[in-house]
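The structure appears below as structure tokens.
The values are calculated or read from the model by the stated rules, or taken from the named source; none is laboratory data. Everything numeric here is computed off the predicted structure, so don't read it as measured data. Please note: Cβ atoms are built from the backbone with ideal geometry, for glycine as well, and neighbour counts cover all protein chains shown. We work out accessible area using only protein heavy atoms, side chains counted, and drop any ligands, DNA or RNA first. Shrake-Rupley method; radii C 1.70, N 1.55, O 1.52, S 1.80 Å.
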Amino acid sequence: MVQEKKIVDEVSGWLRIYDDDSVDRTWTGPPEVKFMSEPVPPHQEFIDGVATRDVTVGDNRFRIYLPEITSADKEKLPVVVHFHGGGFCISEPDWFMYYNMYTRFARTAQFICVSPFLRRAPENRLPAAIEDGFSTLLWLQSIARGESKEPWLEKHGDFSRVFLIGDSSGGNIVHEVAALAGKASLEPVRLAGAIPVHPGFIRSTRSRSELEKPQSPFLTLDMVDKFLGLALPAGSNKDHPITCPMGEAAPPLSELKMPPFLLCLAEMDLIWDTEMEYYEAMKKANHDVELFVSKGMTHSFYLNKIAVDLDPNTATETEALIARVMEFIEKH
């Protein structure tokens, strides 16, 4: 008789861990939103102005978004490296929610987007995802030096204008990879800017915003606690430098060499207080950091296609976010 596996831990809707250490990430929440976590196959023909393809290099895999180039003077485009969110435990770059957003970003802002398939916890605890993030910059460097081949990036990538962007836990990876880049020799790649969007910066002690602001489909207190418990190095808590880079356990921010930052926050984000604490700490450390706030919005609101399509305020704030990111990239 086959013994049935038992669930030993779960994050409602998103993830189940069994007693044989296997992990099931099949969406079990409301079926009407399942489409947002389903993979979109790559397509090398242009659809709605963007082509995509997946590239495997050794143990690393990347999704690349190339916008249709409409004028000869724009043959070279900025390269934006995107780190997906998901509490370091779920999500993939080919999920519909990211495909929908980053094809729109690439088309509107005219940049090439490279999104690595990050190793996920609990199978691969941190710093695995950060290592994958930094490996992406090293891969871009090898292409820029002619040591590796990737036709879209070779023909169209401006390696003097490489940006990092990341949603939620991907925003934590933006900070960590930018800090690593500041210690490395990446020529001819130049890291021109970093854009954490609703980053998962937090402390062990609950903040006032965690207790008072609304939980949302993309962030609940249960998700924060369980995902980070599964993702952080064994024995660590939320005061770890990856989740609390402004804390005492982290390297002093003033000692880090960082590019210009655009920190994008949502006014009603559960973790608003600690995100703002990070902003103030970066300013105090004399880093070039701009702040953009989406009024009345919750965590990762722009990834929720249903809300973007049905709610005029969400649609307006999504357009404003894209415009502000576009402005930052054009400036740098």
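When Val23, Val8, Val81 are checked against the criterion of being of a type in the set (A, V, I, L, M, F, W, C), more than 22 Å from Gly171 (Cα to Cα) and in contact (Cβ under 8 Å) with a residue 12 or more places away in the chain, a single residue qualifies: Val23. Are any residues in the range 27-46 in contact (Cβ under 8 Å) with a residue 40 or more places away in the chain and either over 26 Å from Arg120 (Cα atoms) or hydroxyl-bearing (Ser, Thr, Tyr) (or both), and if so, which ones? The one that is in contact (Cβ under 8 Å) with a residue 40 or more places away in the chain and either over 26 Å from Arg120 (Cα atoms) or hydroxyl-bearing (Ser, Thr, Tyr) (or both): Ser37.
If we keep just the residues of the range 277-292 that are part of a helix (DSSP H, G or I) and open to solvent by 40 Å² or more (accessible area, probe 1.4 Å), which is farthest from Asn172 (Cα to Cα)? Here the residue is Lys284. When Glu131 is tested against (1) of a type outside the set (Gly, Ala, Ser); (2) closer than 19 Å to His240 by Cβ; (3) touching a helix residue (DSSP H, G or I) at 6+ places or on another chain (Cβ under 7 Å), only condition (3) is not met.
Which residues, taken from the range 1-24, are of a type in the set (A, V, I, L, M) and either open to solvent by 80 Å² or more (accessible area, probe 1.4 Å) or part of a loop (DSSP other than H, G, I, E, B) (or both)?
Answer for the range 1-24, where residues must be of a type in the set (A, V, I, L, M) and either open to solvent by 80 Å² or more (accessible area, probe 1.4 Å) or part of a loop (DSSP other than H, G, I, E, B) (or both): Met1, Val2, Ile7, Val8.
Val189: touching a Ser or Thr at 6+ places or on another chain (Cβ under 7 Å) and either open to solvent by 30 Å² or more (accessible area, probe 1.4 Å) or not in a helix (DSSP H, G or I) (or both), yes or no? No: the conditions fail for Val189. All told, Thr56 falls short of being β-branched (Val, Ile, Thr), farther than 27 Å from Met223 by Cβ and surrounded by 23 or more Cβ atoms within 10 Å (Cβ to Cβ).
Of all residues in the range 193-226, those that are among the hydrophobic types (A, V, I, L, M, F, W, C), within 25 Å of Val79 (Cα to Cα) and in contact with an Asp or Glu (Cβ under 9 Å, 6 or more places away or on another chain) total 1. In this structure, Pro93 does satisfy being within 22 Å of Val57 (Cβ to Cβ) and touching a Ser or Thr at 6+ places or on another chain (Cβ under 6 Å). Hey, can you tell me all the residues within the range 79-135 that are modelled with pLDDT under 95 and touching a Lys or Arg at 6+ places or on another chain (Cβ under 8 Å)? Scanning the range 79-135 gives a single hit, Gln110. Looking across the range 299-313, not a single residue is open to solvent by less than 10 Å² (accessible area, probe 1.4 Å) and without any contact (Cβ under 8 Å) to a residue 40 or more places away in the chain. The criterion of being β-branched (Val, Ile, Thr) and either assigned to a loop (DSSP other than H, G, I, E, B) or open to solvent by less than 10 Å² (accessible area, probe 1.4 Å) (or both) does not hold for Thr316. Do we find that Ala249 is more than 21 Å from the chain's Cα centre (by Cα), modelled with pLDDT of 95 or more and either closer than 26 Å to Leu186 by Cβ or of a type in the set (Phe, Trp, Tyr) (or both) in this structure? Against the criterion (more than 21 Å from the chain's Cα centre (by Cα), modelled with pLDDT of 95 or more and either closer than 26 Å to Leu186 by Cβ or of a type in the set (Phe, Trp, Tyr) (or both)), Ala249 does not qualify. Scanning the range 25-39 for residues that are over 16 Å from Gly86 (Cβ atoms) and surrounded by 12 or more Cβ atoms within 10 Å (Cβ to Cβ) yields one hit, Phe35.
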